[in-house]
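Trainee: Once you've had a glance at the structure underneath, I'll fire off some questions.
The values are calculated or read from the model by the stated rules, or taken from the named source; none is laboratory data. Since this is a predicted model, take the numbers as computed values, not measurements. So basically every Cβ, Gly included, is an ideal-geometry build from the backbone, and we count neighbours across all protein chains shown. What goes into the accessible areas is simple: the full protein's heavy atoms, side chains included, and nothing from ligands, DNA or RNA. Shrake-Rupley method; radii C 1.70, N 1.55, O 1.52, S 1.80 Å.
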Amino acid sequence: MDNLYQRLDLNLLRVFDVLMQSRNVTRAAEQLNLSQSTVSHALARLRLALGDPLFVMTRKEMRPTGRAQALAAPVRQALALLEQGVRQSAGFEPDSSTRTFRLAVPSSIEHGAVPQLVELLHRRAPACRLAISELVDSDYEDSLARGGLDLVVGFAGAGHLSPRLLCEPWFDNPMVCLSARGSDLPGVLSAAELVAWSHVSTSTWGHNQTLVEHWLKDKGLERHIAVWVPSFEALPKLLATGRYLAMVPELIARDFCHYHPLQSHRLDEPLYSTYMLAQHPLTEFDPALVWFRQLLREVGESLCRVE
């Protein structure tokens, strides 16, 4: 074991990392652009160096041993840190970069901020791409560490993001009420006026609706939810019936009132949703993400100016 580190070169660690993900020598070889025999030989060297089979063949896949599972996270983190160092030394040139930025965002940001972000990215880095996925109830530490995502847009106070992530406030957006145009509701609503109507809740999981529920609960009030929908897509048609109200971020209400026969009402006590940017410490100094975070700040500042 004295010369273990000398026997574990970088190529062996890369093979181990890919095998942990693929659980298959053929797929690992394809991903690494190596022959199957080269990957098999590398696995044999790893087994000899570590004194452990590492992967055991079953009918469906190669199952990692306990030793392999214990090594997986440190190896992945070491490789990610090395990749981060290489990226830092290479720098980032937005005019020529073809990088894909990967974000997980709530549906309100997908609808209200992503189009503006796409336009800004197109002007500043025309060959770069944006891959958006839906925010889910996850701590996101693993996907950010592995590079499956670059950044996550979450909510302040939601409590689902890992405390080991780097988080910074992005922007605040007031919650407002939407009704059908001509509903005769005043421009500013009290909590009591709000709960006098049935509501549409626009998320089966999400912080904004929970924020409203807690705000009302603190006042000893509760709204009646008539319809739950997983996104904002059906909201204009549901509200157009005149039977319901819906609480949404102002950036959603702004667009809906422009394109649909709806109207927006402020609350007599402002209630704000705060969006957060979350990132793994391994990528904190990635030049591309330093640049991209600044792009996101510009979008956030723009959204705040038009409230």
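Trainee: What strands (runs of 3 or more DSSP E) lie completely within segment 19-122 and have 1 or more residues being farther than 29 Å from Ala156 by Cα and open to solvent by less than 70 Å² (accessible area, probe 1.4 Å)?
Mentor: Qualifying strands (runs of 3 or more DSSP E): 55-57, 62-64.
Trainee: Kindly list, by first and then second residue, each pair from a residue in segment 230-243 that is more than 13 Å from Pro261 (Cβ to Cβ) to a residue that is surrounded by fewer than 14 Cβ atoms within 10 Å (Cβ to Cβ), limited to pairs with Cβ atoms under 6 Å and residues at least 6 apart or on different chains.
Mentor: Close Cβ pairs satisfying both conditions: Pro230/Thr204.
Trainee: Does Trp170 fit the bill of being at pLDDT 95 or above and under 30 Å from Leu282 (Cβ atoms)?
Mentor: Against the criterion (at pLDDT 95 or above and under 30 Å from Leu282 (Cβ atoms)), Trp170 qualifies.
Trainee: If you don't mind, another one. Considering Ser97, Ser107, Ser183, Ser179, which residue is under 14 Å from the mean Cα position of the chain (by Cα) and hydroxyl-bearing (Ser, Thr, Tyr)?
Mentor: Being under 14 Å from the mean Cα position of the chain (by Cα) and hydroxyl-bearing (Ser, Thr, Tyr) holds for just one of Ser97, Ser107, Ser183, Ser179, which is Ser107.
Trainee: Hey, Thr241 hits all of (1) open to solvent by 50 Å² or more (accessible area, probe 1.4 Å); (2) of a type in the set (Val, Ile, Thr); (3) within 30 Å of Asp142 (Cα to Cα) but one; which does it fall short on?
Mentor: With respect to (1) open to solvent by 50 Å² or more (accessible area, probe 1.4 Å); (2) of a type in the set (Val, Ile, Thr); (3) within 30 Å of Asp142 (Cα to Cα), Thr241 is out only on (3).
Trainee: Among the residues of segment 138-190, count how many are polar (S, T, N, Q), open to solvent by 20 Å² or more (accessible area, probe 1.4 Å) and either part of a strand (DSSP E or B) or at positive phi (or both).
Mentor: Of the residues in that region, 0 qualify.
Trainee: Also, I was wondering about something else. So Val195 clears everything in (1) open to solvent by 30 Å² or more (accessible area, probe 1.4 Å); (2) closer than 29 Å to Gln294 by Cα; (3) aliphatic (A, V, I, L, M); (4) touching an Asp or Glu at 6+ places or on another chain (Cβ under 7 Å) except one condition, right? Which one?
Mentor: Result: Val195 fails condition (2) only.
Trainee: Quick check on segment 191-219: of everything there that is of a type in the set (A, V, I, L, M, F, W, C) and part of a loop (DSSP other than H, G, I, E, B), which residue is modelled with the lowest pLDDT? Quick ask: steps written out before the conclusion?
Mentor: The first filter runs over segment 191-219 and keeps only residues of a type in the set (A, V, I, L, M, F, W, C), leaving 191-192, 194-197, 200, 205, 211-212, 215-216.
Next, from what is left, pick out any that are part of a loop (DSSP other than H, G, I, E, B): 195-197, 205.
Details: Val195: 96, Ala196: 96, Trp197: 97, Trp205: 67.
The residue in question is Trp205.
Trainee: Identify all residues within segment 186-207 that are closer than 15 Å to Ala240 by Cβ and among the hydrophobic types (A, V, I, L, M, F, W, C); write none if there are none.
Mentor: Passing the criteria: Trp197, Val200.
Trainee: Across segment 198-213, what is the number of residues that are within 25 Å of Ala113 (Cβ to Cβ), open to solvent by 10 Å² or more (accessible area, probe 1.4 Å) and out of contact with any helix residue (DSSP H, G or I) (no Cβ under 7 Å at 6 or more places or on another chain)? Lay out the reasoning, then the answer.
Mentor: Taking segment 198-213 as the starting set, the residues that turn out to be within 25 Å of Ala113 (Cβ to Cβ) are 199-213.
With the extra rule that they be open to solvent by 10 Å² or more (accessible area, probe 1.4 Å), the set shrinks to 203-211, 213.
Right, trim to out of contact with any helix residue (DSSP H, G or I) (no Cβ under 7 Å at 6 or more places or on another chain) and you get 204-207, 209-211, 213.
Summing the residues that are within 25 Å of Ala113 (Cβ to Cβ), open to solvent by 10 Å² or more (accessible area, probe 1.4 Å) and out of contact with any helix residue (DSSP H, G or I) (no Cβ under 7 Å at 6 or more places or on another chain) in segment 198-213 gives 8.
Trainee: Identify all residues within segment 251-290 that are assigned to a helix (DSSP H, G or I), under 30 Å from Gly147 (Cα atoms) and open to solvent by 60 Å² or more (accessible area, probe 1.4 Å); write none if there are none.
Mentor: The one that is assigned to a helix (DSSP H, G or I), under 30 Å from Gly147 (Cα atoms) and open to solvent by 60 Å² or more (accessible area, probe 1.4 Å): Val290.
Trainee: Give the residue that is nearest to Val105 (Cα to Cα), with candidates limited to residues of segment 214-230 that are surrounded by fewer than 18 Cβ atoms within 10 Å (Cβ to Cβ) and in contact with a strand residue (DSSP E or B) (Cβ under 9 Å, 6 or more places away or on another chain).
Mentor: Val229
Trainee: Confirm whether Leu296 is outside any strand (DSSP E or B), at pLDDT below 95 and open to solvent by less than 70 Å² (accessible area, probe 1.4 Å).
Mentor: no
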